[in-house]
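The values are calculated or read from the model by the stated rules, or taken from the named source; none is laboratory data. None of the values given here were measured: they were computed from a predicted structure. For neighbour counting, all protein chains shown are included, and Cβ atoms are generated from backbone atoms with ideal geometry for every residue, glycine included.
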Amino acid sequence: MGETNNGKHHVLLIEDEKKLARSLKNHLKREGYAVDLTHDGVEAVNKILQNEYNLLILDINLPNKSGFDILDEIRNQSNETPVLILSSRNAVEDRVKGLRLGADDYLIKPFDSSELLARVEAILRRSEVSSGQVLKADDLLLDIQNRKVTRGEKEINLSPKEFSLLEFFLRNKNQVLTRKRIAEQVWGYNFDTGTNLVDVYVYYIREAIDKGHPRKLINTVRGQGFMMIDKQG
């Protein structure tokens, strides 16, 4: 997959509504993504052919070449970059067409930015599982496909939820993660953030991965949340 040299996921945002495009680009950049932006269908195809992206966020109604035509063209060239369609076209036939052409998801405008982020993260998780990605911080390795965690020479046994939480930390290294965001992304939107369950599970994985190691990977950021610190990443 096409991560940038600082480990960020590289996203191409293809959206002709310029105000919306700027807003989405800024939101994704705040969440740690490297984002290229184009408003034009032909330019989008050129960028896709010239660069390696982890995700394409694709509007349908574009000048010079529609989103459907872009999707059809790149899939016919065996480009399997994940695609999230954004569109105000909410007819069933449009959604079916987009998915049949090879889109991974279809999000109807208007949408909440938190839902967009959740869809992006879900698509990237699925694509990286299929490629057997191993996530890393310091000497900690998480093998997604084989559900295996090691630190140094030691294999670490985690419950499914602990594994998901550790994976979320590793995907967002060197970023402060609030309890609310952790709860939303690991437990789902209906999770009651008034409980201390996030803190309990953070304690569990700290005990599993940090205990006995002089270098602690998961750190508390007072008044904000938690951060996995990886000086190499």
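Considering each residue of segment 184-233, count those that are modelled with pLDDT under 85 and of a type in the set (A, V, I, L, M), and give that number. Full working, then the answer.
Step one: list which residues in segment 184-233 are modelled with pLDDT under 85, which gives 184-195, 231-233.
With the extra rule that they be of a type in the set (A, V, I, L, M), the set shrinks to 186.
Total meeting the criteria: 1.
Under 7 Å between Cβ atoms, at least 6 apart or on separate chains: pull out the pairs that start in segment 66-84 with a residue that is of a type in the set (K, R) and surrounded by 15 or more Cβ atoms within 10 Å (Cβ to Cβ) and end on any residue that is in a helix (DSSP H, G or I) and at pLDDT below 95.
Sorted first by the residue in segment 66-84, then by its partner, the pairs are R75/L101.
Would you confirm, using the coordinates I've provided, whether V35 is within 13 Å of the chain's Cα centre (by Cα), surrounded by fewer than 22 Cβ atoms within 10 Å (Cβ to Cβ) and not assigned by TED's automatic domain parsing to the domain that holds Q185? Even if it seems obvious, please write down each step before you answer.
Values: within 13 Å of the chain's Cα centre (by Cα): yes; surrounded by fewer than 22 Cβ atoms within 10 Å (Cβ to Cβ): yes; not assigned by TED's automatic domain parsing to the domain that holds Q185: yes.
In short, yes.
Just give me the residues in segment 46-82 being outside any strand (DSSP E or B), closer than 29 Å to R171 by Cβ and either touching a Lys or Arg at 6+ places or on another chain (Cβ under 7 Å) or acidic (D, E) (or both), in sequence order.
Of segment 46-82, the ones outside any strand (DSSP E or B) are 46-54, 60-82.
Narrowing the set further to residues that are closer than 29 Å to R171 by Cβ leaves 47-54, 60, 67, 70-71, 74-75, 77-82.
Residues satisfying the conditions are E52, I60, E80.
Identify, please: which residue in segment 123-133 is within 28 Å of D210 (Cβ to Cβ) and surrounded by 14 or more Cβ atoms within 10 Å (Cβ to Cβ) and is, among those, modelled with the lowest pLDDT?
E128
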